[in-house]
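A.B. asks: Input: one structure, supplied below.
Just so you know, all these numbers are worked out from the coordinates, no wet-lab data involved. Computed from a predicted structure; not experimentally measured. Neighbour counts are summed over all protein chains in view; Cβ atoms, including those assigned to glycine, are modelled from backbone coordinates with ideal geometry.
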There are 2 protein chains.
Amino acid sequence: MTAPSDARARGTRLPRVRRRRQLLAAAQEVFVARGYHAAAMDEIADRAGVSKPVLYQHFPGKLELYLALLEEHSEALVEKQREALESTEDNQKRVTASFQAYFDFVAGDGEAFRLVFESDLRNLPAVREKSEHTLQRCAELIGEVIRQDTSISDDEAHLLSIALVGMAETTARYWLNNHGSVPQNAAEQLVARLAWRGISGWDLTRSADEGD
Amino acid sequence: MTAPSDARARGTRLPRVRRRRQLLAAAQEVFVARGYHAAAMDEIADRAGVSKPVLYQHFPGKLELYLALLEEHSEALVEKQREALESTEDNQKRVTASFQAYFDFVAGDGEAFRLVFESDLRNLPAVREKSEHTLQRCAELIGEVIRQDTSISDDEAHLLSIALVGMAETTARYWLNNHGSVPQNAAEQLVARLAWRGISGWDLTRSADEGD
DNA sequence: TCCTCATCTTACTCCCGCGTAAGTTGAGTG
DNA sequence: CACTCAACTTACGCGGGAGTAAGATGAGGA
């Protein structure tokens, strides 16, 4: 069912850096499949075709191993967002690119997104903060764009950005769980349209809606 | 800091039903504050002013205790959504009411929303399914309304609904973590406007946007 | 007053999984 | 061929927390 990435003939010695990379890969597989708590250091070591103390020669403990992966993929998401928003000057295309980046992130890299969005270690302050900080930074990138084109306050622009990121995260995860109902491209387009309709020309309707 | 709900003078006997309710309340406090894994049955018992075996006379195990709470609050959220959508026939007001319900859910009941949205037991199939099913049912309620007014396909209407629910969940949680930047009412209104601008009159722009 | 039975307590057992002490192997060097 | 040192192994200590066995306690009826 789940093929070990590369558990070479248990007995092969590896130079330090290669081994470290391989251990991180093995750890990612196990953490993604089982979550932090149910993941056993023994299983990670096994999956790498190595014994447990080797793991501890590369990482001081289970937590640090996990945090290293979390850090890596959180940064990757923010970076993907940045690239998407810098890829064009057309705001409508920016919206599309932004959603595409989210869907790509969720679809790629061995489901690593589960570490970022579904961590079962959120109760640890360090993890909660990283998780919130990642959301924050994605929203900040989008917020800058919004502020350029609207006379909205900073707090409000930020909240709208959070809303857009929330849409992206939730729909991307839903889409992944239900492959088959809609192809990736169609899903991205649909949600991007919803977002663009929502955000474009915001100032124009603002005063009109105000009289409630 | 955290005041125990009602740890009556450790030594007071209670009739079975009262005790059960009190144990559920104590368990909720601990599960919310610590998450499933870090929550100890000893602490739950202590918080209720009772010894551990009493807990086991009311619930077969930690898991069942947790699932009882999860079930209760998941149902409460769906019910709040239903009420919000049934509260009016005006779709714009429906959107507002729907977001208000989400914010109220997040703001109320001792942060019980953390059980539904931030469970650290998602890796357990039973919990994952309940969590996804709750999202599904909320989206279904909204989807019915959308389908009444658009010629969109069922799959697409459902995906849009997921997007709206994602907006609500993410913004409500963000708002709760950052009280002070924006009052609840303003946040609800702002996000509701974004959503309404997004979906209202969907069919009108559909064909126009199609020519990309 | 004494009996009954539900409520509640103390004081364990047991398992699981992180982290480690101590010892082994083998590739490259003089 | 002997020496060295990093890479690796087996086998264990140990803490923490779920669940339990066996006994205490007290309200209410005969």
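A.B. asks: Helix A:91-107 versus the longest principal axis of chain A: what angle, 0 to 90°, nearest 10, using Cα atoms?
C.D. replies: Helix A:91-107 sits at roughly 20 degrees to that axis.
A.B. asks: For B:GLU79, place a label point 7 Å out from Cα along the Cα→Cβ vector, do the same in each other copy, and report the separations in nm, one decimal, smallest first.
C.D. replies: 4.8
A.B. asks: Please rank A:SER51, B:SER87, fewest neighbouring Cβ atoms within 10 Å first, as an exposure proxy. The partial results should precede the final answer.
C.D. replies: Values: A:SER51 12, B:SER87 15.
Ranked by crowding around the Cβ, least crowded first: A:SER51, B:SER87.
A.B. asks: Then there is this: Relative contact order for chain B: what is it in percent, counting Cα pairs under 8 Å that are at least 6 residues apart? Walk me through the numbers on the way to the answer.
C.D. replies: Working: 172 pairs, mean separation 40.1, N = 212.
Relative contact order comes out at 19 percent.
A.B. asks: In debye to the nearest 20, how big a dipole does chain B give about its Cα centre with +1 on each Lys and Arg Cβ and -1 on each Asp and Glu Cβ?
C.D. replies: On the way: 26 positive and 33 negative charges, 313 e Å.
It works out to roughly 1500 debye.
A.B. asks: Which number comes out as Rg/Rh for the protein assembly as shown once both Rg and the Kirkwood Rh are worked out on C-alpha atoms? Don't jump to the answer; show the numbers that get you there.
C.D. replies: Working: Rg = 23.4 Å, Rh = 23.4 Å.
Reported Rg/Rh (Cα atoms, Kirkwood Rh): 1.00.
A.B. asks: Cross-link candidates for A:LYS62: which lysines have Cα within less than 24 Å, leaving aside residues fewer than 8 places away along the same chain?
C.D. replies: Within the straight-line limit of under 24 Å, A:LYS62 reaches these lysines: A:LYS52, A:LYS130.
A.B. asks: Turning to a different aspect of this structure: Over every pair of different alpha-carbon atoms in region B:70-200, take the mean of 1/r and invert it; report that Kirkwood radius in Å. The partial results should precede the final answer.
C.D. replies: Details: mean 1/r = 0.0666 Å⁻¹.
Evaluated over region B:70-200, this radius sits at 15.0 Å.
A.B. asks: Kindly write out, for region B:61-69 in residue order, the coupling ³J(HN,Hα) from the Karplus curve 6.51 cos²θ - 1.76 cosθ + 1.60 (θ = phi - 60°), rounded to whole Hz, with x marking Gly and Pro.
C.D. replies: Whole-Hz 3J(HN,Hα) from phi for region B:61-69: x, 4, 4, 5, 4, 5, 4, 4, 5.
A.B. asks: Sticking with this one: With everything on Cα atoms, drop me the angle between helix A:125-149 and the longest principal axis of chain A, reported from 0 to 90° to the nearest 10.
C.D. replies: 30
A.B. asks: Once the Cα atoms of helix B:16-38 and of chain B are each reduced to a long axis, what angle between those two axes, in degrees from 0 to 90 to the nearest 10, is obtained?
C.D. replies: 70
A.B. asks: Also: Springs between alpha-carbon pairs under 10 angstrom, Gaussian network model over chain A: which of A:PRO15, A:PRO183, A:PRO53 fluctuates most?
C.D. replies: Maximum among the listed residues: A:PRO15.
A.B. asks: Sticking with this structure for a sec: Mind giving me the nanometre distance, one decimal, between the label points for B:SER181 and A:THR205, set 7 Å out from Cα along Cα→Cβ?
C.D. replies: Placing both labels 7 Å beyond Cα along the Cβ direction yields 2.3 nm.
A.B. asks: Rounded, prolate or oblate, given the Cα gyration tensor of region B:16-59, with a/c below 1.5 counting as rounded? Spell out each step's value before the answer.
C.D. replies: Numbers: a/c = 2.04, a/b = 1.57, b/c = 1.30.
Verdict is prolate for region B:16-59.
A.B. asks: When the dipole is taken about the Cα centre of region B:16-59, and only Lys, Arg (+1) and Asp, Glu (-1) are charged at their Cβ, what size is it in debye, to the nearest 20? Present the calculation step by step, with values, prior to reporting the outcome.
C.D. replies: Details: 8 positive and 4 negative charges, 64 e Å.
Magnitude of the dipole: close to 300 debye.
A.B. asks: Starting from a label point 7 Å past Cα on the Cβ side, list the distances from A:PRO183 to the same position in the other copies, nm, shortest first.
C.D. replies: Counterpart label points of A:PRO183 in the remaining copies fall at 5.0 nm.
A.B. asks: For a footprinting-style exposure proxy, rank B:VAL145, A:VAL191, A:VAL54 by other Cβ within 10 Å, fewest first.
C.D. replies: Result, fewest neighbours first: A:VAL54, B:VAL145, A:VAL191.
A.B. asks: At 0.36 nm per residue, and after removing the present C-alpha to C-alpha distance, how many nm does the segment from B:ARG16 to B:ARG34 gain when stretched out fully?
C.D. replies: Numbers: separation 18, 0.36 × 18 = 6.48 nm, distance 2.66 nm.
Full-extension gain reported as 3.8 nm.
A.B. asks: Through the Karplus equation 6.51 cos²θ - 1.76 cosθ + 1.60, θ set to phi - 60°, convert the phi angles of region B:173-190 into ³J(HN,Hα) values in whole Hz; use x for Gly and Pro.
C.D. replies: Once θ is set to phi - 60°, the couplings for region B:173-190 become 5, 4, 4, 5, 5, 10, 3, x, 5, 9, x, 3, 4, 5, 4, 4, 4, 4 Hz.
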